[in-house]
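This report refers to the structure that appears directly beneath it.
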Amino acid sequence: MSEQSSQAMSLPARYYTDPDYYRTELEWFFFGRWIHAGRADEVPNRGDYVLREVGEESVILVRGERGELSAFYNVCRHRGTRLCESASGRFASTIACPYHAWTYQLDGCLVGAPHMDGVAGFRAEDYPLHRVAVAVWDGHVFLNLGEDPGPLAEQLDGLDQRLRPWGMDQLRLGRRIVYDIAANWKLLIHNYSECLHCPAVHPALQKLSHYLSSENDPAGLGSLGGRMRLRPGIDTLSLDGRRRRACLPGLGPDDCRYVYYYAVLPNLLLSLHPDYVMVHTLWPRGVDRTEIVCEWLFHAEAVAAADFDPEDAVAFWDMTNRQDWHVCEQMQLGLRSRAYRPGPYSLREDLLHGFDRLILEHERRALPNRPEPPCSS
């Protein structure tokens, strides 16, 4: 555990309750980073697509003619109409605007513009769909809405190598649950990054993995995390602690005795177990509302087995998730009180303090004249 001053303080309430701050924060923290957007196998075939809503932006993620993934703003180049309304689907061969039938290939090129013949200076090649940068890591898809994004590997900062043994590109979806939480997205990152609350909030989890067994990595620029040891006689995190499937093939004996937890900023939470991986994707929907897509991923051979049943892992974590969401909602309510003042972090809340420092550093760059809160030393 890294050392820090005992005077490290939590952030003022406005960082979680001010709608104007929330909107600016999305611009300089979310839109300038690689954002987790789901799994590549959600769009397995040519023409398959999903929509992703990032703030007020809508993005089409589509599988192209040669199997490549592309992403475009969901905006027609004619008069701005949304091209798609359904959250997912398949384009037969082109993307057509429902308003005036401007039509685009799967690579975004404009191939049909009715009634534009004879318009002076009009050239179809000047009006492709506006692209969004796409990158894939171990089966996870990321989007970047920035104008000139750097490589995803820079943001991962070595985490891609550290987590390679889990072979996440070989995992397949076992179950998905979508949650709607009345709390700011940063509170969910905070809650995920410490387990001091586990004895009171998660008694079932505490029986399987002691809350003081955590070993945190130093807070990084792109991720927060570490690992927690399973108790003796416990094989994985499930309702009874038993493992009903083989350990993931790339793991050694030591890794099979831990669960690894990493927040890949800004919106991916990875919980890596000996036999499965749980993924949370956070989508901010307002200053006090976050949608979370939770997915349980298992090795492809396990999913293909006739007796595959993910319920042991799903039931345990659905219970645990809901416990977390409830306390985060209670924290959101408390932050709205006139009585709230920033409180001191303990030495075991170093990742929370590191995350706050990262938020403040981005804020200083985006808003250089804004006074800095007295929250860290």
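For the reader, a short list of remarks on this structure follows.
- Exactly one residue out of Leu269, Leu251, Leu297 is within 24 Å of Asp309 (Cα to Cα), over 13 Å from the mean Cα position of the chain (by Cα) and either of a type in the set (D, E, K, R) or in a strand (DSSP E or B) (or both): that is Leu297.
- Just one residue in the set Asp107, Asp138 is surrounded by 15 or more Cβ atoms within 10 Å (Cβ to Cβ), at positive phi and not β-branched (Val, Ile, Thr); that residue is Asp138.
- From the options Pro98, Pro149, residue that is buried (at least 16 other Cβ atoms within 10 Å of the Cβ) and either at negative phi or among the aromatic types (Phe, Trp, Tyr) (or both): Pro149
- From the list Val75, Val119, Val54, Val111, the one residue that fits, being among the hydrophobic types (A, V, I, L, M, F, W, C), within 27 Å of Leu269 (Cβ to Cβ) and outside the structural domain of Thr281 (by TED's automatic domain parsing), is Val54.
- When Arg338, Arg348, Arg364 are checked against the criterion of being more than 20 Å from the chain's Cα centre (by Cα), farther than 28 Å from Pro203 by Cα and either modelled with pLDDT under 95 or not assigned by TED's automatic domain parsing to the domain that holds Ser209 (or both), a single residue qualifies: Arg364.
- In region 193-208, the residues that are buried (at least 21 other Cβ atoms within 10 Å of the Cβ) and either within 16 Å of the chain's Cα centre (by Cα) or touching a residue at least 40 places away in the same chain (Cβ under 8 Å) (or both): Ser193, Leu205
- Residue within region 328-343 that is part of a loop (DSSP other than H, G, I, E, B), among the aromatic types (Phe, Trp, Tyr), buried (at least 20 other Cβ atoms within 10 Å of the Cβ) and in contact with a helix residue (DSSP H, G or I) (Cβ under 9 Å, 6 or more places away or on another chain) present: no
- Here the strands (runs of 3 or more DSSP E) wholly within region 9-123 that include at least 2 residues being touching an Asp or Glu at 6+ places or on another chain (Cβ under 9 Å) are 35-39, 48-54, 57-63, 69-73, 88-90.
- First in region 239-263 and at positive phi, second anywhere and β-branched (Val, Ile, Thr) and assigned to a loop (DSSP other than H, G, I, E, B), Cβ under 6 Å, 6 or more apart: Gly241/Ile234
The values are calculated or read from the model by the stated rules, or taken from the named source; none is laboratory data. None of the values given here were measured: they were computed from a predicted structure. Cβ atoms come from the backbone with ideal geometry, glycine included; neighbour counts cover every protein chain shown.
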